[in-house]
Each structure stands twice: as C-alpha cells, then as structure tokens.
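A.B. asks: Just dropping this structure here.
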Amino acid sequence: MRACLCCRPVRLSNSVRLPRLRLGKRPAPRVATRSAARLGEFALPVRNARSISSLKHHRRQLLFEAGVKDEQEFRQRALECARAEMLGRERDSISREIEAALASQCSETAIRQQLESVHLAPLEMRRDETHQRYVRLSNYSTRCWKNEAASASN
C-alpha cells in the first residue's frame, strides 16, 4: 500500500538554498513531507514551535501530577525523596546491626519502648537498678542450686 501524496517524503526544491558549511561541503538535502515542502522555509520553525509547545504542555502536566508549581520545587522534592530513601537504607542497616548485636536477648521494639518512655529515671540509675536485680537473682539461683544439691545428697 502506498502512502498518500501529502505524507510521502520529497526533496525540497532547489529554490530553497541551504547555507554552505565552512568545510566546503554542502549538507545533504533535507527531506520533508509535501505539506512541509509547500510551506517552504517556514516548515521547520512551525513544526518546532508546535513541538516546543507540546513539550511545555507535557512538562506542566508532569509538574501538576507531582504536586509542585515549578521545576525548582520539583528538583527540591526530588532531593528530599533521595535523602529520605538514603536515610531509610541507613536506618535499615543500623537496625540489622542492632538486631545482630542483641541476637535473641531482647527485641528492638522493647528497647525502643524503654528509651522512649518519659517517666523512667536516667539511664545510669536504670543500669544500677538492673545490675542490683541481676546480683539478687544470681544469689537466689546460687542458693537454690545449693539447696537442691544438699537435698539430693541426703
């Protein structure tokens, strides 16, 4: 099937002079549709103006979809998103390190709750209380083992 006459590529007529390049070579003749050839020299500027207008409209539509008013605000949001993504990856990495350090002793959630509690005493006091509790439990378990060993030998 042949294309219609207005869409078939044609060479621009010799009446349209193209500027010579300084290298001494003539550029290859431009190929355009018959409708553009009828417009002569004005075909490319009109087509370019339409393309530019279409691209500007598309850019405005993308900015609207992104919820920003101009390109500068879009770039700023893109930087914020990139930073948020980087911080998220960093947080995940730190969480994995904490989880590996704690192993099965305690969950990260329990530690977060302890640290975020407002009514608790400073950490040094809590550490001392925890150590005292450990000593009491250690002594209690030692006494229990001794009592069990004494009852088993009798």
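The values are calculated or read from the model by the stated rules, or taken from the named source; none is laboratory data. Quick caveat: nothing in here was measured; it's all calculated off a predicted structure. Here the Cβ positions follow ideal geometry from the backbone for every residue, glycine too, while neighbour counts run over all protein chains shown.
Here's the yes/no breakdown for (1) at pLDDT 90 or above; (2) in a helix (DSSP H, G or I); (3) under 46 Å from the mean Cα position of the chain (by Cα); (4) among the β-branched types (Val, Ile, Thr):
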{"residue": "5", "(1), (2), (3), (4)": "no, no, no, no"}
{"residue": "17", "(1), (2), (3), (4)": "no, no, no, no"}
{"residue": "23", "(1), (2), (3), (4)": "no, no, no, no"}
{"residue": "27", "(1), (2), (3), (4)": "no, no, yes, no"}
{"residue": "43", "(1), (2), (3), (4)": "no, yes, yes, no"}
{"residue": "61", "(1), (2), (3), (4)": "yes, yes, yes, no"}
{"residue": "74", "(1), (2), (3), (4)": "yes, yes, yes, no"}
{"residue": "92", "(1), (2), (3), (4)": "yes, yes, yes, no"}
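A.B. asks: Can you go through 84, 101 and tell me which one is on the phi < 0 side of the Ramachandran plot and modelled with pLDDT of 90 or more?
C.D. replies: Every option except 84 fails the conditions.
A.B. asks: On the given criteria, is residue 148 over 27 Å from the mean Cα position of the chain (by Cα) and either surrounded by 10 or more Cβ atoms within 10 Å (Cβ to Cβ) or on the phi > 0 side of the Ramachandran plot (or both)?
C.D. replies: yes
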